[in-house]
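Peer 1: Quick one: the structure is below, questions incoming.
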Amino acid sequence: MAAATTIDVSRLSKSFGQVNAVSDLSFRVEPGQVTGFLGPNGAGKTTTLRTLLGLVAPSSGTATFGGVPYRDLPDPLATVGTALEASSFHPGRTAHDHLAVYARSAGVDRSRVDRVLAQVGLTAVGKRRVGGFSLGMRQRLGLAFALLGDPRVLVLDEPVNGLDPEGIRWIRGFLQQLASEGRTVLVSSHLLSEVQQSVDRAVIISKGRLVYEGTLAGLETGTRVAVDAPDRAALLSALLAAGADVQQTADSLVVTGADASRVGEIAQHAGVPLSHLAAEQAGLEEAFLRLVGSDTPGSPS
Ligand SMILES: Nc1ncnc2c1ncn2[C@@H]1O[C@H](COP(=O)(O)OP(=O)(O)OP(=O)(O)O)[C@@H](O)[C@H]1O
């Protein structure tokens, strides 16, 4: 059995009535890296994370820590730290009290409270009521909460949401530090741009299904080829007949999923002389939007 420091999602499906929130989803998250769990709003990220943490029962499949469901972990707090909802703190309590109450009920040493407040940069405001905290401060408190049991695995739902640019810079270093200590760090976000500086690997889902798992660099190397011919219609039908994925722009045809030499070959085979053939690097954001579909809420159209 794999160690309880990996996250293993295997053939996971979850339906709410007619809605298939997650469909046959499989991926693995390894220690020592920050992994982004990405997809547009409604893609199924929260449902997956809630299933992983035993808060939602799967319709089928499993979501475990090295094969062990959350509820069966021998020492869950020392194994997994979670931050699922940044705003669910009682406004009348101080940050310190929140953590102290939780530490006591969980049997965590009280000295951890000051330690985690310092780790997330909240020492100076630890005695202030949470009701006056900004969203960014509540996000930091959520992270402190997740770290209380000094867990080997961190599952963080949208921790960057609401942070200002300085907060985003801070969390980047913070997450990388946790990963460099050998921890497993899974961070969800609906915006690639929010986390692209922070993550080493990405698991991308759309409409409940896996659309990409790998490094961000690998996502970026998806090349596209701009191609044109005096007889563009003949070129288009040759490419389509060869099964290429072709889009038409004002300037040329754009082929994805085939390299320039293959596109040249198709044209030559069809006897279509070319006027233009160039490989272009698709940008990260563009590759992401292509994977998740252009109906992403809030995405530039
Ligand atoms: N308890 C529920 N009852 C009914 N439908 C639900 C429930 N929870 C989630 N859904 C539906 O499942 C789908 C996936 O939702 P989910 O919250 O997992 O997506 P998400 O990727 O986390 O999105 P967001 O970033 O907006 O939280 C959506 O269509 C949502 O409306």
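The values are calculated or read from the model by the stated rules, or taken from the named source; none is laboratory data. All of these numbers come straight from a predicted model, not from anything done at the bench. Cβ sites come from the backbone with ideal geometry, for glycine too, and all protein chains shown count toward neighbours. When the accessible area is computed, the model is the full protein with side chains, heavy atoms only, and any ligands, DNA or RNA have been set aside. Shrake-Rupley method; radii C 1.70, N 1.55, O 1.52, S 1.80 Å.
Peer 1: Using only the C-alpha atoms of the range 154-212, find the volume of their convex hull and express it per residue in Å³. Write down the numbers at each step before the final one.
Peer 2: On the way: hull volume 5.0 nm³, N = 59.
So the per-residue Cα hull volume is 84 Å³.
Peer 1: Sort largest first and round to whole Å: the equivalent ellipsoid semi-axes of the range 1-130, each the square root of five times a Cα gyration tensor eigenvalue.
Peer 2: On the way: eigenvalues 190, 65, 38 Å².
So the equivalent ellipsoid measures 31, 18, 14 Å along its semi-axes.
Peer 1: Still on this structure, please answer the following. Which value, in Å², gives the accessible area per residue of the range 7-215 when a 1.4 Å probe is used on the protein heavy atoms? List each step's numbers first, then the result.
Peer 2: Numbers: 9020 Å² over 209 residues.
On a per-residue basis, the range 7-215 sits at 43 Å².
Peer 1: Another question, then. Once amide H atoms are placed 1.01 Å from N in the peptide plane, what residues at a sequence separation of 5 or more from ARG209, or on another chain, have their amide H within under 5 Å of its amide H?
Peer 2: For ARG209, the qualifying residues are SER23.
Peer 1: In the range 165-280, what percent of the accessible surface is made up of carbon and sulfur (1.4 Å probe, ligands and nucleic acids excluded)?
Peer 2: 50 percent
Peer 1: Another question, if that's okay. Among all the lysines, which ones have a C-alpha under 17 Å from LYS207's C-alpha, if same-chain residues fewer than 8 places away are not counted?
Peer 2: LYS14, LYS45
Peer 1: Please go through the range 158-253 and write out the GluC sites (Glu not before Pro) that DSSP classes as loop and that have at most 14 other C-beta atoms within 10 Å.
Peer 2: Details: sites: GLU166, GLU181, GLU194, GLU213, GLU220; in loops: GLU181.
When the GluC sites (Glu not before Pro) of the range 158-253 are filtered for loop state and at most 14 Cβ neighbours within 10 Å, GLU181 remain.
Peer 1: Could you give me the radius of gyration and the Dmax of the range 223-281, taking only the C-alpha atoms into account and expressing both in angstrom?
Peer 2: My reading of the Cα-based Rg and Dmax gives 9.6, 27 Å.
Peer 1: Mind checking which aspartates and glutamates have their Cα closer than 18 Å to the Cα of LYS127? Skip sequence neighbours fewer than 8 apart in that chain.
Peer 2: ASP97, ASP114
Peer 1: How much mean residue ellipticity at 222 nm does the chain get from its helices, if each DSSP H run of length 4 or more adds -39500 (n - 2.57) and you divide by all residues, to the nearest 500 deg cm²/dmol? Can you show the working numbers first?
Peer 2: Details: 11 runs with 100 residues, N = 301.
So the calculated ellipticity at 222 nm is -9500 deg cm²/dmol.
Peer 1: In the chain, once you exclude exposed trypsin sites (Lys or Arg not before Pro) (DSSP loop, at most 16 other Cβ within 10 angstrom), what's the longest stretch remaining? Before the final figure, lay out the partial values.
Peer 2: Numbers: sites that count: ARG93, ARG110, LYS127, ARG128.
With trypsin sites (Lys or Arg not before Pro) excluded where exposed in loops, the chain gives 129-301 as its longest stretch.
Peer 1: Could you pull out every residue, at least 5 positions away or on a different chain, whose amide H is within less than 5 Å of the one on VAL185? Hs are placed 1.01 Å off N in the peptide plane, and Pro or chain starts have none.
Peer 2: Here the answer is GLY32, GLN33, THR35, LEU154, since their amide H atoms fall under 5 Å of that of VAL185.
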